[in-house]
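S.K.: Pasting a structure below so you can have a look.
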Amino acid sequence: MVRVKRLEEMLKYIETNGSVSLDELCEVFQISKNTARRDIDEVLKTGTIKKIYGGVSFITPEIKEPPRTSYSLRSADNMAEKRAIARLAAEQIEDGDSIFVDAGTTTGSLVEFIKDKKELTVVTNNLDFIIQALPYKNIRIIVFGGILERDIMSFSALDEIGAEMLKNYNFKKGFFSATGVTVEYGAMNSRLAETACKSTAANWAQIRYLLVDHSKFGRVTIKSYAPLNTFDYLITDRLPDKEITGAYQDDRHKILIAGRSE
């Protein structure tokens, strides 16, 4: 079983059983204790489980603890790089465009650089973007319904049917974030609740931009939402490794780096 699939199944198993031991996870998923510990460390990032003596336990909504990394702390990570990426992404947006803006700290930085654009329509679930854009009447905002995820400043679809509602809107360009990017697993996300929206929007946008800083390359997180070749443009702050750049060698795909392009 590939790791991304195993992490997803492991989270479901823990949720179903409430609490499980390390030995039980090793037996169920046929992995070593060292591998199980690494997997648990990754699943912990979802904020839905916690470590207990000898194993892990699912956190019920009534006792759910804040995730290890809050939105404000993530915003502070690589702040200069994220602003540079957002500035370059904003250069791809033209007056009159209809766009989708994904949840995320980098995409949330777009407002500063598009506030003077004319007659923009933005479909988004990014609460930080919405708050920043409130003063600018030239930015028309369409928010699709769902559950408010306070810790990540976004709305998540209630179910896959909710995510399908995105198809009611036509947006020319989509700007997406990811918590991990590899050629094998594509663009990934740490929050399962967000992936349905991301996947639907990525398939629906006419032109797709993936906005990630260098720290996301080579990182595997719990859920893939789109293959890497889904995105026409990869906008980042550093040239990625040869494996990723090799996937962007054809005429359709292009890597844009803050300050220059490859």
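S.K.: Once you've got the Cα coordinates, tell me which of K33/K82; K137/K216; K82/K173; K51/K242; K137/K198; K5/K216 are over 28 Å apart.
M.R.: K33/K82; K137/K216; K51/K242
S.K.: Each label point is 7 Å from the Cα along the Cα-to-Cβ direction; what then is the distance between the points at C26 and N229, in nm?
M.R.: A separation of 4.0 nm, rounded to one decimal place.
S.K.: Which order, highest average first, do 172-181, 31-40 follow once you tally other Cβ atoms within 10 Å for each residue and take the mean per peptide?
M.R.: Values: 172-181: 23.7, 31-40: 14.8.
Descending mean neighbour count gives 172-181, 31-40.
S.K.: When N is the residue count of segment 76-139, what does its C-alpha Rg come to as a fraction of 2.2 N^0.38 Å? Numbers along the way, then the final one.
M.R.: Values: Rg = 10.9 Å, N = 64, 2.2 N^0.38 = 10.7 Å.
In units of the globular-protein estimate, segment 76-139 measures up at 1.02.
S.K.: A further question on this structure: Which three numbers, in whole Å and largest first, are the semi-axes of the equivalent ellipsoid of the chain derived from its Cα gyration tensor as √(5λ)?
M.R.: Equivalent ellipsoid of the chain: 32, 21, 16 Å, largest first.
S.K.: Taking 2.2 N^0.38 Å as the expected size of a compact globular protein, what ratio does the Cα radius of gyration of segment 1-56 give against it, to two decimals?
M.R.: Here the Cα radius of gyration is 0.97 times the empirical estimate.
S.K.: Follow-up question, since we're still on this one. Evaluate the distance, in nm, between pseudo-label points positioned 7 Å from the Cα of K242 and of K51 along their respective Cα→Cβ axes.
M.R.: 3.8
S.K.: Could you order the peptides 109-116, 134-141 from most to least packed, using the average number of other C-beta atoms within 10 Å per residue?
M.R.: With the highest mean Cβ count within 10 Å placed first, the list reads 109-116, 134-141.
S.K.: Along the positive direction of the dipole of segment 68-255 (beta-carbon charges: Lys, Arg +1; Asp, Glu -1; about the Cα centre), which of L110, T182, V123 reaches farthest?
M.R.: Farthest along the dipole direction, towards plus: L110.
S.K.: What full-extension length gain, to one decimal in nm, is calculated for E184 and I131 as 0.36 nm per residue of separation minus the Cα-Cα distance?
M.R.: So the extension gain works out to 15.5 nm.
No lab work stands behind these numbers, since they all come straight from the coordinates. From a predicted model like this one, the values you see are computed outputs, not experimental measurements. Every residue, glycine as well, gets a Cβ built from its backbone with ideal geometry; the counts of neighbours run over all protein chains shown.
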